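Undergrad: Have a look at this one.
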């Protein structure tokens, strides 16, 4: 009996010791904390965790891009490290599709590095996503539709009371890597630390992605990184600065100087350098989103904000010792990336010089990096979205373990810039973009399809808000069923240039309103093997209203579609009876149409 009591006592003592040990262990490892509501979420706590990548707090959110699959969504705050190795508090968004991942490996994760959003806190990606207004929603949605988890860092500086360290590559790279570790600490998130990781970004995001790829072997060596996709990369700050100083992309240079001076106050001592105009510009830029800043500070030289405002070439400014070292610290290509890399750029890019991006490819290739390069016919904004399906497909191949084909030994001639003049107005050109169209004939209840070789060209001046365009539509046959099936040869030719207005507002919404004028000709009608020459044509031009109000991403993602109704005029030219018959069948109001414009295909280099 005594032995039983002793055993019980031993068991109780052992259990108590074990329980106390577990309690001590769990108290030593702080459980993830739910963050406060509202904007208080963006105020860092007084005490930070000890390790980079540690989750500070989280909260559930509704930050899922419109039309995305059902997702679990969280906003998070986590610890990272700035360019000098000091603690950095960063916020971001984590999205995980609710669909079951059926592959034989854990659900892949993409750390998505956003492009320039502007310095205003309201433009932090987590806040834009929560409002459903982020201009990169279409890319994030595409990744979610593949079933991947998508992690979007806000980048450093969007917490309350802070200023973004915009274009500080090392700090941004750390933030893009640390969000992966932080996301895995969200309770019940269902992601694996062994999951395959892809890094994807464009413009500022391309810089972030490339920096994250360079830093990963030493900063996050246990990460299962399989690929880096980086587009529109500002790889050499001297050359990009010269390209946009005083030009239509000068707002990005102003933002860069502000961001780098925040991270490197001794390297770029803005407070000591700027005049009253500069101080006013800095204050204004800090409260603007990307599109508002773009037009506000367009074509202003950086030197106008310094000293007496006298013209100083950017090459002179950037040669000053502390400024030079600060800019050089952002340059890419000095360190290899240990996984395959997909680089891409637009040949008409008016903000990020093409040649310095091509040189980045060479620098990586010379270091033995597996690089695949693709160039697109669009300018900066259109390329971001035109290239997205290619970047995502390339990442999908990496997740599936497919061999990554390099273009380092390509014999294709080096791409040449086709950019519009980078000084003066901000003009987006569409040169022979593909035009697909359907016209529904109301009376006949039949559709007429434009031929495959149809093209649309336009110059869109975003500064003065105008668009002027034209179409080229080859003559084409169309089947029309009246009493007998008829094969009709049609010709649609411009009556005069398309004209209208086009603009991007401060929220990144594209507005296009214009009219396309064309003449319709019926040149031949065939039935029962007999071809009859015709000379029917409209008594006046057909007017197609061209109206679009939607995200600026539609300029390049292949969904710039104009829909509406128009009136076909009466037909003349072949005798009153024939005229009357075809006018009855093919003319009148209520003719529906849909035109879709897509960019030409990219090429490899």
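The values are calculated or read from the model by the stated rules, or taken from the named source; none is laboratory data. Just so it is clear, the structure is predicted and the values come from calculations on it, not from any experiment. Backbone-built Cβ (ideal geometry, glycine too); neighbour counts: all protein chains shown.
Undergrad: Can you list residue pairs whose Cβ atoms sit under 8 Å apart, with the first residue in the range 316-333 being without any contact (Cβ under 8 Å) to a residue 24 or more places away in the chain and the second being assigned to a helix (DSSP H, G or I)? Count only pairs 6 or more apart in sequence or on different chains.
TA: 317/302; 317/303; 317/323
Undergrad: Sticking with this one: Just to check your reading of the model, which residue among 355, 338 is in the same structural domain as residue 388 (by TED's automatic domain parsing), over 13 Å from residue 211 (Cα atoms) and surrounded by fewer than 23 Cβ atoms within 10 Å (Cβ to Cβ)? Spell out how you get there, then give the answer.
TA: On the way: 338 fails: over 13 Å from residue 211 (Cα atoms).
Result of the check over 355, 338: 355.
Undergrad: Moving on. Could you tell me whether the range 252-265 includes any residue that is outside any strand (DSSP E or B), over 28 Å from residue 380 (Cα atoms), outside the structural domain of residue 109 (by TED's automatic domain parsing) and at pLDDT below 95?
TA: The answer is no; no qualifying residue exists.
Undergrad: So, residue 216, is that one in contact (Cβ under 8 Å) with a residue 40 or more places away in the chain, in contact with a strand residue (DSSP E or B) (Cβ under 9 Å, 6 or more places away or on another chain) and surrounded by fewer than 24 Cβ atoms within 10 Å (Cβ to Cβ) or not?
TA: yes
Undergrad: Which of the residues spanning the range 92-123 are touching a strand residue (DSSP E or B) at 6+ places or on another chain (Cβ under 7 Å) and under 17 Å from residue 64 (Cβ atoms)?
TA: Correct list: 92, 93, 94, 95, 96, 97, 98, 107, 109, 110, 112, 114.
Undergrad: Can you confirm whether residue 190 is out of contact with any strand residue (DSSP E or B) (no Cβ under 8 Å at 6 or more places or on another chain) and either assigned to a loop (DSSP other than H, G, I, E, B) or outside the structural domain of residue 94 (by TED's automatic domain parsing) (or both)?
TA: no
Undergrad: Given the structure, is residue 477 in a strand (DSSP E or B) and at negative phi? Step through it out loud before you land on a result.
TA: Numbers: in a strand (DSSP E or B): yes; at negative phi: yes.
Yes; evaluated as a whole, the condition is true for this residue.
Undergrad: If you don't mind, there's one more thing I want to ask. I'd like to check something: does the range 524-539 contain any residue that is within 22 Å of residue 491 (Cβ to Cβ), surrounded by fewer than 18 Cβ atoms within 10 Å (Cβ to Cβ) and modelled with pLDDT of 90 or more?
TA: yes
Undergrad: If you don't mind, another one. Can you find a residue that is part of a strand (DSSP E or B), touching a residue at least 60 places away in the same chain (Cβ under 8 Å), closer than 29 Å to residue 589 by Cβ and in contact with a strand residue (DSSP E or B) (Cβ under 8 Å, 6 or more places away or on another chain) anywhere in the range 460-467?
TA: Scanning the range 460-467 turns up no residue that is part of a strand (DSSP E or B), touching a residue at least 60 places away in the same chain (Cβ under 8 Å), closer than 29 Å to residue 589 by Cβ and in contact with a strand residue (DSSP E or B) (Cβ under 8 Å, 6 or more places away or on another chain).
Undergrad: Something else about it: Given the criteria at pLDDT below 95, assigned by TED's automatic domain parsing to the domain that holds residue 550, more than 22 Å from residue 290 (Cα to Cα) and under 24 Å from the mean Cα position of the chain (by Cα), does residue 434 qualify?
TA: For residue 434, the condition - at pLDDT below 95, assigned by TED's automatic domain parsing to the domain that holds residue 550, more than 22 Å from residue 290 (Cα to Cα) and under 24 Å from the mean Cα position of the chain (by Cα) - is met.
Undergrad: Which residue pairs have Cβ atoms closer than 6 Å, lie 6 or more positions apart in sequence or on different chains, and pair a first residue in the range 374-390 that is without any contact (Cβ under 8 Å) to a residue 60 or more places away in the chain with a second residue that is assigned to a loop (DSSP other than H, G, I, E, B)?
TA: Short answer, once both residue conditions are applied: 379/348; 379/349; 379/350.
Undergrad: Next question. One residue is enough: does the range 220-228 have a residue meeting the conditions out of contact with any strand residue (DSSP E or B) (no Cβ under 6 Å at 6 or more places or on another chain) and under 20 Å from residue 357 (Cβ atoms)?
TA: no
Undergrad: If residue 311 meets every condition in (1) buried (at least 18 other Cβ atoms within 10 Å of the Cβ); (2) touching a helix residue (DSSP H, G or I) at 6+ places or on another chain (Cβ under 6 Å); (3) over 27 Å from residue 504 (Cβ atoms) apart from one, which number is that one?
TA: So residue 311 meets the others, but not (1).
Undergrad: Could you tell me how many of the residues in the range 166-186 are surrounded by fewer than 24 Cβ atoms within 10 Å (Cβ to Cβ), in contact (Cβ under 8 Å) with a residue 40 or more places away in the chain and in a loop (DSSP other than H, G, I, E, B)?
TA: 2
Undergrad: State the number of residues belonging to the range 430-459 that are more than 26 Å from residue 248 (Cβ to Cβ), surrounded by fewer than 20 Cβ atoms within 10 Å (Cβ to Cβ) and touching a residue at least 40 places away in the same chain (Cβ under 8 Å).
TA: 8
Undergrad: Answer yes if at least one residue in the range 131-153 is closer than 20 Å to residue 41 by Cα and assigned to a helix (DSSP H, G or I), and no otherwise.
TA: Yes: one or more hits.
Undergrad: Here are some conditions: (1) more than 17 Å from residue 73 (Cα to Cα); (2) in contact with a helix residue (DSSP H, G or I) (Cβ under 8 Å, 6 or more places away or on another chain); (3) crowded, with 24+ Cβ neighbours inside 10 Å. Residue 152 meets all but one. Which one does it not meet?
TA: Status for residue 152: all satisfied but (1).
Undergrad: Could you grab me the full set of residues in the range 212-251 that are outside any loop (DSSP other than H, G, I, E, B), farther than 24 Å from residue 396 by Cα and in contact with a helix residue (DSSP H, G or I) (Cβ under 9 Å, 6 or more places away or on another chain)?
TA: 219, 237, 238, 239, 240, 241, 242, 243, 244, 250, 251
Undergrad: Answer yes or no: is there a residue in the range 106-123 that is part of a strand (DSSP E or B) and over 27 Å from residue 162 (Cα atoms). So that I can check it myself, show each step before the final result.
TA: Step one: of the range 106-123, the residues part of a strand (DSSP E or B) are 109-113, 118.
Next, only the ones that are over 27 Å from residue 162 (Cα atoms) stay: 109.
The answer is yes; a qualifying residue exists.
Undergrad: It is to be established whether one or more residues within the range 568-581 are modelled with pLDDT of 90 or more and either under 22 Å from residue 455 (Cβ atoms) or loosely packed, with under 15 Cβ neighbours inside 10 Å (or both).
TA: no
Undergrad: Could you please find all residues in the range 271-312 being part of a loop (DSSP other than H, G, I, E, B), out of contact with any strand residue (DSSP E or B) (no Cβ under 9 Å at 6 or more places or on another chain) and without any contact (Cβ under 8 Å) to a residue 40 or more places away in the chain?
TA: Within the range 271-312, 308, 309, 310, 311 qualify.
Undergrad: In the range 79-102, which residues are in contact (Cβ under 8 Å) with a residue 60 or more places away in the chain, over 19 Å from residue 160 (Cβ atoms) and part of a strand (DSSP E or B)?
TA: Result: 81, 94, 96.
Undergrad: With the requirement that a residue be in a helix (DSSP H, G or I), more than 24 Å from residue 601 (Cβ to Cβ) and under 22 Å from the mean Cα position of the chain (by Cα), what does the range 315-371 give you?
TA: 356
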